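The values are calculated or read from the model by the stated rules, or taken from the named source; none is laboratory data. Since this is a predicted model, take the numbers as computed values, not measurements. All Cβ positions, even for glycine, are placed from backbone atoms using ideal geometry, and neighbour counts span all protein chains on display. In case anyone asks, the SASA skips ligands and DNA or RNA and just uses the protein heavy atoms, side chains included. Shrake-Rupley method; radii C 1.70, N 1.55, O 1.52, S 1.80 Å.
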Amino acid sequence: MSVQLKQIPHLIDEQFASEEKMLQEVREGSYTLEKPYVKLNPYLICPLTALVCFTTPEAVTASVLVKGKEAAGDMGFTFPAATEHYLPVLGLYPDYENTVEITLGSGEKSTVTICTEPAPKGVHIPNGIETTPEYMGDKVVFLSPTSAANAAAYDYRGDVRWYLLPNFSFDLKRIRNGRLLMGTHRLLMPPYHTTGIFEFSTIGKIYNEFRIPGGYHHDQMEMEDGNLLILTQNPPRGTVEDMCVLVDRKTGAILKSWDYQKCMPQNVGGSGSQDTHDWFHNNSVWYNKKNNTLTFSGRHQDAVINIDYETGKLNWIIGDPEGWPEEMQKYFFKPVGDLSKFDWQYEQHSAVVLPDGDIMCFDNGHWRAKVKEKYVPAKDNFSRGVRYRIDTEKMEIEQVWQYGKERGAEFFSTYICNVEYYGEGHYMVHSGGTGFFKGEPCNRPPVQFRGDDEQYLVMQSITVELKDDQKMYEMRVPGNYYRAEKLPLYCAEDVLTFGRGERLGTLGVTEEFDTIPEVEAGGMVPDKYNLKLAQEVDRLVMKGTFEKGQLVMLLLEGETTHAYFVPTTKRPFLAMCVGTFLEADDRAVEFPVSFEGLSGTFKVSYIIDDYKYETGVEVTI
């Protein structure tokens, strides 16, 4: 039987088609304040958003107010004066008849009812929340998932007021134009490295996809000039999560790159999760303009490192120096102050440079030692947010604040998590990866428990805010969530503009295999491999089911033949920071081929073990 080729449109193109249809309907109608045009989920990915459109004879401001389930839940925004009004409506409740009030600056008012569907089961409902509406104001807490869940935003009651349908990944950040940055849902290579990041508005419109040849993971940061720092890697050399690139905001071109292999020794000073493939495991990036440096968090070396922006030269390392070679000791700090309260951080995440130069991070504490004989079991361990004060002249370090140690194993997350700094004494500590297996704290990422084991697993995410050491907020959600961000849904800078979004940058050229083995003809590919092919705008994606270590090659045969080795032996990732791409079947394989550098019509075939199989599929690029 021949393999079917599925055409998968890009979200940017789907959104543009939806927008064009919507705008045509608005132009062809005579919509007024009393009878406006209302489009629920106008950009297809945010079901708790809507667009309300109408015209007025004169330019006038317009305010939108989504009525809360109680007065404190009201959520709204006032838009600048116009005669043609396109008003984003944010903060609707799921499975609810939402009342939306529209008020013009002239005093005229109108009310519309917007009925929403129930949220999917992946939008998890908090099982505990402690705060006040006065404290939260118009802000919600966004959670980006690690376990099977949807990215969502929760108000002071724990009511969901926004969620995403696609599997966008890793950190969600608001940038200066009010839009959001988040990893795409398009997997580039397992277990979670995606094509790049999306820049999109809270109503869901994608303005840009920044594609990265080596793929994206974990974190990104907007520079003062608008360019983007994005974490990546160079897959052909066999290591991951050990590079950062600077991406041109307008073109997506890579302007500069930093390779940690040039400033750090590999496979030394390792954590209990280090291996040669994932030796550093960078999970955060921070640029400090004051001294023109970059700070990275290397989970698998228990190290927060700082390098010179221009040269890439290593400046210092925060971490336990035990086990590091003698020539590296000069980069480490000596603890000072009250050493009875001092702890090093281990397998940390989310390193942040504070205005005064202090360093904050989430200290996961996984293993909490550099020597296996000293490893601390999960039941006796703790995770925490921690703030260190460093003196780079004296190379001294002092712990000046922490939260979480006092909560013990309940707050222990082997992976993920973040901290946020809102001002002196005002912090968020998000322990998003707690888990209990058969009642015992997990000593490995809970998303790694698969199959029958899942019935004995309880996952939890605990997000806490503290002000002057007083707990002002705590939310507990059943599931694991990569990071938490507190933001208002509405942002004055996030101005909706129409037109097709852009795909910037490139996926690069997929590495080809030089030698094609001589094999026998096997006819059409057997059904047992469950082969599927999907053509996207910039790549061909194959999926199949193969035994571990099985030889598989994908061939594109045209005027020339392009051969690609398909890995079927999965690496034992010891840090599964995002598990939302994991397949239930361990034999499942996904492999994309970038169209970069390819042109023409190609017949798709496979070499599997000792046979060459036909698919009956042709692709034109």
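A compact table of results
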{"quantity": "Around Gln399: net Lys/Arg minus Asp/Glu count, Cβ-Cβ under 11 Å", "calculated": "0"}
{"quantity": "Estimated inter-spin distance, Asp585 and Asp74, nm [label 7 Å along Cα→Cβ]", "calculated": "5.5"}
{"quantity": "Full-extension gain in nm, Glu424 to Ser106, via 0.36 nm per residue minus C-alpha separation", "calculated": "110.2 nm"}
{"quantity": "Carbon and sulfur %, accessible surface of region 318-435 computed with the full protein complex present, 1.4 Å", "calculated": "50"}
{"quantity": "Size of charge dipole - the chain - debye, nearest 20, with Cβ of Lys, Arg +1 and Asp, Glu -1, no other charges", "calculated": "480"}
{"quantity": "Cβ-based net charge around Arg299, under 10 Å, with every Lys or Arg adding one and every Asp or Glu removing one", "calculated": "-4"}
{"quantity": "Relative contact order computed over region 388-537 (Cα-Cα under 8 Å; 6+ residues apart), in percent", "calculated": "16"}
{"quantity": "Calculated FRET value between Glu596 and Lys289, using beta carbons and R₀ = 35 Å, to 0.05", "calculated": "0.55"}
{"quantity": "Volume per residue that the Cα convex hull of region 1-150 spans, once the total is divided by residue count, Å³", "calculated": "172"}
{"quantity": "Diffusion coefficient, µm² s⁻¹, Stokes-Einstein with Kirkwood Rh over alpha-carbon pairs of region 426-557 at 4 °C and 1.567 mPa s", "calculated": "61"}
{"quantity": "Region 171-329 - charge dipole about Cα centre, Lys and Arg +1 at Cβ, Asp and Glu -1, debye rounded to 20", "calculated": "880"}
{"quantity": "Inter-centroid distance (Cα atoms) of region 53-107 relative to region 201-268, Å", "calculated": "38"}
{"quantity": "Relative contact order (%) - criterion: Cα under 8 Å, at least six apart; region: region 401-490", "calculated": "28"}
{"quantity": "Mean projection area, nm², convex hull over Cα of region 490-609", "calculated": "11.8"}
{"quantity": "Per-residue [θ]222 nm for the chain (sum of -39500 (n - 2.57) over DSSP H runs n ≥ 4, rounded to 500)", "calculated": "-1000 deg cm²/dmol"}
{"quantity": "Cα gyration tensor category, rounded, prolate or oblate, for the chain with a/c compared to 1.5", "calculated": "oblate"}
{"quantity": "Residue-normalised accessible area of the chain, expressed per residue, 1.4 Å probe, Å²", "calculated": "41"}
{"quantity": "Accessible surface of region 453-538, 1.4 Å probe, proportion on carbon and sulfur as whole %", "calculated": "47"}
{"quantity": "Anchor Lys21: lysines whose Cα lies under 25 Å away (excluding residues fewer than 8 positions away in-chain)", "calculated": "Lys6, Lys35, Lys39, Lys205"}
{"quantity": "Cα gyration tensor, region 28-87 - rounded (a/c under 1.5), prolate or oblate", "calculated": "oblate"}
{"quantity": "Relative contact order computed over region 236-305 (Cα-Cα under 8 Å; 6+ residues apart), in percent", "calculated": "27"}
{"quantity": "Proximal lysines relative to Lys405, as straight alpha-carbon distance under 20 Å, when same-chain residues fewer than 8 apart are discounted", "calculated": "Lys341, Lys370, Lys374, Lys379, Lys467, Lys471"}
